[in-house]
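Input: one structure, supplied below.
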There are 2 protein chains.
Amino acid sequence: MIGRLLGICALSLCASAAFAQPTLGVRNAVGEGATDAPAAEVLTGAQKRKADEIINAALSSELAYELLESLTTEIGPRLAGSEAEARARQWGVERLKALGFKNVRIETFELPYWQRVRESAAIVSPYPQQLAVTALGNSVATPKGGLQAEVVRFASLDELRQAPAERVKGKIVFVDEKMTRMMDGGGYGPAVAKRSGAANAAGRLGAAAAIIRSVGTDSHRMPHTGGMRYEDGVPQIPTAALSNPDADQLARALSYAEGPVMLNLELSVETRPAATSGNVIGEIPGRSDEIVVVGGHLDSWDLGTGAVDDGAGVAITTAAAKLVAVHGGKPLRTIRVVMWGSEEVGLHGARAYAKAHAGELERHAIASESDFGAGSIYALESRVGQDATGAIDEMQRQIARLGIIRGGNEASGGPDVSPLRAAGVPVFGLAQNGLDYFDLHHTPDDTLDKVDPADLKQNVAAWAAMIYLSANVPVDFRP
Amino acid sequence: MIGRLLGICALSLCASAAFAQPTLGVRNAVGEGATDAPAAEVLTGAQKRKADEIINAALSSELAYELLESLTTEIGPRLAGSEAEARARQWGVERLKALGFKNVRIETFELPYWQRVRESAAIVSPYPQQLAVTALGNSVATPKGGLQAEVVRFASLDELRQAPAERVKGKIVFVDEKMTRMMDGGGYGPAVAKRSGAANAAGRLGAAAAIIRSVGTDSHRMPHTGGMRYEDGVPQIPTAALSNPDADQLARALSYAEGPVMLNLELSVETRPAATSGNVIGEIPGRSDEIVVVGGHLDSWDLGTGAVDDGAGVAITTAAAKLVAVHGGKPLRTIRVVMWGSEEVGLHGARAYAKAHAGELERHAIASESDFGAGSIYALESRVGQDATGAIDEMQRQIARLGIIRGGNEASGGPDVSPLRAAGVPVFGLAQNGLDYFDLHHTPDDTLDKVDPADLKQNVAAWAAMIYLSANVPVDFRP
């Protein structure tokens, strides 16, 4: 998952996009089912029984785990634009075809390429020792051999922003702001602001480099990477994250030392103006021309094998759609599974899709992405027209036995559907227990062993039921 | 803590050392206290009250945490024989003097030096990706650029030992044996056999290199280092440990691949025939010429800051002895705190001490080392003469309110006192909850944040009471 801030940014970029066409009502397009049911009930008895059957099948299916194990083992890390991401796309095409999906294809696009080559940090004096550090995505390099300067610590990004330039000039700025652990990941938004903000604020004040306490909730010596962007017109300075224990250590060193604490930071990176990425797409064709879009993103950060971010989302939604294909009959709407490319470095796949499919966005009935690991789902959220909230309420009752309550009607739907949402496409979201998600997020520790197979099955069951119902209930989800 | 096997090895090396002198009975040497008490009670009422007072003081003392924080921050990692270990000795001398210990000194010795320079491992084909690896202490280097060969996996060291040479020759042997999590760390002995055993068995069979699943119980991408020794006459091949998730990954890659899995392993190391190390010693002089030895080891592996292994032991025993000095009056026996040097790479400090102090070992009344982190203590063990077990029983009753039961009379006393134990010195041991010790042991994650301050206080309280009682109860602990 990319920063929520970047998601919001993507949304604001797209918010003014012209999209004022009248939405197609499914009732008109298909004209069956809804009118026979009592006003308060949209789901038919047959649909409820079918959703139940699909949930049961999902709870005993190993498919999602098999897909996740295969992706994380046979491909491993798959940085946006890399050769490994290209192998992941090939993996996606082969798996979707083998599972019987139709119209399987790669929709390619280009993006600027960045990768880390080497990174190290050390306290030089007065307490010489190595620190665990990782470059933030898009950071410029330091000079070869590193950049040595005094460290100046700020307890928060706000404190840095208000600092006088003379306190910062020529120094290595250290933004030591912590992240709060929260069920819904709500601590991430405030904490991630420093990922771009530290380098931008420090660069503006003339600093030599900016390091941050990792945006993460664990206490292991694994720094969290993640994308950052330089603001226009601000000097671009190298920027990196310390693990939480190393941030503790540097803060202690600063409090112990009577004189300056000198740090050496070395970052070596490789960049190219353009690399190829792509979205991998497979479909279960429906009986109408409407489309339900689900998926996860195929790229991952380079440090781990992208099991929770976002191999899980790819595996959950692919397995869920396959279960619907097996048990659900030919759906009313086409179910389109998208394995999004290059999400982590700026939602490139999401934007490319919205552009390539601009002409059919009005036929996108509803969309959702799974991009928060494999923690168990506790709520069904939506962002649909007021008239459709009752149908979502009914869907929630179908998945309530999985422990899922009804959430609000202000769902984000996931980062890769944010351009669709901005263009008026309704979304739903299956909110997950994220208490440990930011222990792993963007670290080397994002590996298969962190996924609980039982939680993964609960996810697949909820997604399968939601895909089946979204694709078959003849309700217009738009306002 | 070094491998128990190495401890046993050290013991066996020393078991034949001549030490047949009659032990000095404290009753004869001092002649007060014991004969006045009833046969079943060695501790006087005043001693019990004093022990209680010391326990209470320890439970509200921050000294151990302050020492541990200072050592891990101001020195950090302190590899045996390194310049950092020399700084740690200076730190020890300054702290012991500042705390009022007497006869503060460094007793130096030499040892062969080894340090890692660079290490990496990658699956080359068919699933190219980096693996998290660390060289085992004393490993030879690979050729520059690495050593590339097919991987052959063995589920256990025993399986490797029984393998035919043609299965192994020219390959990278992978010993994938797991470790069992146990309260008393009892899973370590069986698991650590492969740390030397893999390279020795594989080298004997003509392998190119040997890698092992880390000797550890966690599932983080932090490989566990640790010392290994080449057997005489066996070809010396490079040897390293994968983190547990990486061992899982390599095992999966082998099960997925239809052909060979090719690995590249690069280890670069630096060695010198001799480096200086030393034991740091401080004393609370007693009224007799007998000595009670307590301490922890000052060196640590290079990857972490040695908070649990063994900064905790140094801090606990130093703080406990200081509390005894403040509250206990002048002790009957001299309390000697030893911050042992170069434990991790082969008990060099322990051997040097036993040699340097051979002439006074008969005056060592009892000895013990704290070297199992800061997990809470649950049992008092001993290895004393049968006549002295009653006194140890009484001591246990004094610390029972800390949750400490009586353990057996076969204590090891800790790795650095094993040469003393082999020479006939009685020992006691305070058994700790080690359920998470081997999550951290010898990894980058061995840092201050892993120490629970409340558990640390419980340790100090138990050690302070035991030091006070051992140094003052006029019992001969020898058989």
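Just to be sure I understand, how many residues within segment A:95-141 are assigned to a strand (DSSP E or B) and of a type in the set (A, V, I, L, M, F, W, C)?
First pass over segment A:95-141, keeping only residues assigned to a strand (DSSP E or B): A:102-125, A:129-131, A:133-135, A:137.
Within this subset, residues satisfying the condition of being of a type in the set (A, V, I, L, M, F, W, C) are A:104, A:106, A:109, A:111, A:114, A:117, A:121-124, A:131, A:133, A:135.
Qualifying residue count for the region: 13.
Could you pull out the residue among A:58, A:46 that is under 30 Å from residue B:248 (Cα atoms) and either out of contact with any strand residue (DSSP E or B) (no Cβ under 7 Å at 6 or more places or on another chain) or modelled with pLDDT under 95 (or both)?
Details: A:46 fails: under 30 Å from residue B:248 (Cα atoms).
Result of the check over A:58, A:46: A:58.
Could you tell me which of the residues B:464, B:454 is closer than 23 Å to residue B:291 by Cβ and away from chain A (no Cβ under 14 Å)? Reasoning before the result, please.
Values: B:454 fails: closer than 23 Å to residue B:291 by Cβ.
Every option except B:464 fails the conditions.
On to the next question. May I ask you to say which residue of A:245, A:238 is within 14 Å of chain B (Cβ to nearest Cβ), modelled with pLDDT of 95 or more and touching a Leu at 6+ places or on another chain (Cβ under 8 Å)?
Numbers: A:238 fails: within 14 Å of chain B (Cβ to nearest Cβ).
Step by step, each of A:245, A:238 is checked, and only A:245 is within 14 Å of chain B (Cβ to nearest Cβ), modelled with pLDDT of 95 or more and touching a Leu at 6+ places or on another chain (Cβ under 8 Å).
Can you tell me which of A:181, A:229, A:213, A:252 is under 25 Å from residue B:445 (Cα atoms), in contact (Cβ under 8 Å) with a residue 24 or more places away in the chain and out of contact with any strand residue (DSSP E or B) (no Cβ under 9 Å at 6 or more places or on another chain)?
Only one candidate qualifies: A:181.
If you go through segment B:382-430, how many residues are assigned to a loop (DSSP other than H, G, I, E, B) and either of a type in the set (A, V, I, L, M, F, W, C) or more than 18 Å from the chain's Cα centre (by Cα) (or both)? Don't jump to the end; show me each part of the working.
Step one: of segment B:382-430, the residues assigned to a loop (DSSP other than H, G, I, E, B) are B:384-385, B:403-404, B:407-414, B:423-426.
Cutting the leftovers down to either of a type in the set (A, V, I, L, M, F, W, C) or more than 18 Å from the chain's Cα centre (by Cα) (or both) gives us B:384-385, B:403-404, B:407-409, B:411, B:423-426.
Going through segment B:382-430 one residue at a time, the tally reaches 12.
Assess whether residue B:87 counts as being surrounded by 15 or more Cβ atoms within 10 Å (Cβ to Cβ), touching a helix residue (DSSP H, G or I) at 6+ places or on another chain (Cβ under 6 Å) and within 13 Å of another protein chain (Cβ to nearest Cβ).
Working: surrounded by 15 or more Cβ atoms within 10 Å (Cβ to Cβ): yes; touching a helix residue (DSSP H, G or I) at 6+ places or on another chain (Cβ under 6 Å): yes; within 13 Å of another protein chain (Cβ to nearest Cβ): yes.
It is true that residue B:87 is surrounded by 15 or more Cβ atoms within 10 Å (Cβ to Cβ), touching a helix residue (DSSP H, G or I) at 6+ places or on another chain (Cβ under 6 Å) and within 13 Å of another protein chain (Cβ to nearest Cβ).
Then there's this: Take the residues in segment A:303-322 that are within 14 Å of chain B (Cβ to nearest Cβ) and surrounded by 24 or more Cβ atoms within 10 Å (Cβ to Cβ), then tell me which one is farthest from residue A:78 (Cα to Cα).
Step one: filter segment A:303-322 for residues within 14 Å of chain B (Cβ to nearest Cβ), giving A:303-308, A:311.
Of the ones still in play, those that are also surrounded by 24 or more Cβ atoms within 10 Å (Cβ to Cβ) are A:304-308, A:311.
On the way: A:304: 9, A:305: 7, A:306: 8, A:307: 11, A:308: 13, A:311: 10 Å.
Step by step, filter segment A:303-322, then rank; the result is A:308.
Can you tell me which residue among B:151, B:175 is within 31 Å of the chain's Cα centre (by Cα) and either crowded, with 17+ Cβ neighbours inside 10 Å or without any contact (Cβ under 8 Å) to a residue 24 or more places away in the chain (or both)? Step through it out loud before you land on a result.
Values: B:151 fails: within 31 Å of the chain's Cα centre (by Cα).
Unique residue meeting the criteria: B:175.
Inspect segment A:323-335 for any residue being farther than 29 Å from residue A:60 by Cβ, surrounded by 22 or more Cβ atoms within 10 Å (Cβ to Cβ), out of contact with any His (no Cβ under 6 Å at 6 or more places or on another chain) and more than 14 Å from chain B (Cβ to nearest Cβ) and give the result as yes or no. Before the answer, list the steps.
As a first pass, look at segment A:323-335 and keep what is farther than 29 Å from residue A:60 by Cβ: none.
Checked against the condition, which is being farther than 29 Å from residue A:60 by Cβ, surrounded by 22 or more Cβ atoms within 10 Å (Cβ to Cβ), out of contact with any His (no Cβ under 6 Å at 6 or more places or on another chain) and more than 14 Å from chain B (Cβ to nearest Cβ), segment A:323-335 yields no hits at all.
For residues that are within 18 Å of residue B:70 (Cα to Cα) and charged (D, E, K, R), scanning just segment B:84-109, find the one that is nearest to the chain's Cα centre (by Cα).
Among residues in segment B:84-109 that are within 18 Å of residue B:70 (Cα to Cα) and charged (D, E, K, R), the one nearest to the chain's Cα centre (by Cα) is B:85.
I would also like to ask the following. Inside segment A:451-475, can you point out the residues that are surrounded by 22 or more Cβ atoms within 10 Å (Cβ to Cβ) and either basic (Lys, Arg) or not in a helix (DSSP H, G or I) (or both)? Walk me through it before giving the result.
First pass over segment A:451-475, keeping only residues surrounded by 22 or more Cβ atoms within 10 Å (Cβ to Cβ): A:451, A:456-475.
Matches in segment A:451-475: A:451, A:457, A:473, A:474, A:475.
If I filter segment A:72-82 down to residues being farther than 19 Å from residue A:227 by Cα and of a type outside the set (Ser, Thr, Tyr), which single residue comes out as farthest from the other protein chains (Cβ to nearest Cβ)?
Our first condition is that a residue be farther than 19 Å from residue A:227 by Cα; within segment A:72-82, this holds for A:72-76.
Subset that is of a type outside the set (Ser, Thr, Tyr): A:74-76.
Values: A:74: 5, A:75: 7, A:76: 3 Å.
It comes out as A:75.
Among the residues of segment B:288-308, how many are of a type in the set (D, E, K, R), under 18 Å from residue B:337 (Cβ atoms) and either in contact with a Leu (Cβ under 8 Å, 6 or more places away or on another chain) or without any contact (Cβ under 8 Å) to a residue 40 or more places away in the chain (or both)?
Residues of segment B:288-308 that are of a type in the set (D, E, K, R), as a first pass: B:289-290, B:299, B:302.
Of the ones still in play, those that are also under 18 Å from residue B:337 (Cβ atoms) are B:289-290, B:299.
From the residues that got through so far, the ones that are either in contact with a Leu (Cβ under 8 Å, 6 or more places away or on another chain) or without any contact (Cβ under 8 Å) to a residue 40 or more places away in the chain (or both) too are B:290, B:299.
Going through segment B:288-308 one residue at a time, the tally reaches 2.
Let me ask you something else. Take residue A:219 and tell me if it is surrounded by fewer than 21 Cβ atoms within 10 Å (Cβ to Cβ) and either among the β-branched types (Val, Ile, Thr) or within 14 Å of chain B (Cβ to nearest Cβ) (or both).
Details: surrounded by fewer than 21 Cβ atoms within 10 Å (Cβ to Cβ): yes; either among the β-branched types (Val, Ile, Thr) or within 14 Å of chain B (Cβ to nearest Cβ) (or both): yes.
Spelling it out, residue A:219 is indeed surrounded by fewer than 21 Cβ atoms within 10 Å (Cβ to Cβ) and either among the β-branched types (Val, Ile, Thr) or within 14 Å of chain B (Cβ to nearest Cβ) (or both).
Let me spell it out: the conditions are (1) closer than 28 Å to residue B:324 by Cβ; (2) buried (at least 19 other Cβ atoms within 10 Å of the Cβ); (3) of a type in the set (Asp, Glu), and residue B:119 meets all of them except one. Which number is the exception?
(1)
When both residues are 6+ apart or on different chains and their Cβ atoms are under 7 Å apart, which pairs have a first residue that lies in segment B:43-71 and is within 14 Å of chain A (Cβ to nearest Cβ), and a second that is buried (at least 22 other Cβ atoms within 10 Å of the Cβ) and not in a helix (DSSP H, G or I)?
B:68/B:451
If you don't mind, another one. Among the residues of segment B:431-447, count how many are in contact with a strand residue (DSSP E or B) (Cβ under 8 Å, 6 or more places away or on another chain), assigned to a loop (DSSP other than H, G, I, E, B) and either among the hydrophobic types (A, V, I, L, M, F, W, C) or closer than 18 Å to residue A:246 by Cα (or both). Lay out the reasoning, then the answer.
The initial filter retains those residues of segment B:431-447 that are in contact with a strand residue (DSSP E or B) (Cβ under 8 Å, 6 or more places away or on another chain), namely B:431-434, B:437.
Right, trim to assigned to a loop (DSSP other than H, G, I, E, B) and you get B:433-434.
With either among the hydrophobic types (A, V, I, L, M, F, W, C) or closer than 18 Å to residue A:246 by Cα (or both) added as a condition, the list becomes none.
Result for segment B:431-447: 0.
Still on this model: Among the candidates B:136, B:111, B:131, B:147, which residue alone is within 14 Å of chain A (Cβ to nearest Cβ) and of a type outside the set (Gly, Ala, Ser)?
Details: B:136 fails: within 14 Å of chain A (Cβ to nearest Cβ); B:111 fails: within 14 Å of chain A (Cβ to nearest Cβ); B:147 fails: within 14 Å of chain A (Cβ to nearest Cβ).
Exactly one of B:136, B:111, B:131, B:147 is within 14 Å of chain A (Cβ to nearest Cβ) and of a type outside the set (Gly, Ala, Ser), namely B:131.
When you go through (1) closer than 24 Å to residue A:300 by Cα; (2) out of contact with any Leu (no Cβ under 9 Å at 6 or more places or on another chain) one by one for residue A:408, which number turns out not to apply?
(1)
The values are calculated or read from the model by the stated rules, or taken from the named source; none is laboratory data. Please read all numbers here as calculations on a predicted model, not as lab measurements. Glycine gets a Cβ as well: all are built from the backbone with ideal geometry, and neighbour counts include every protein chain shown.
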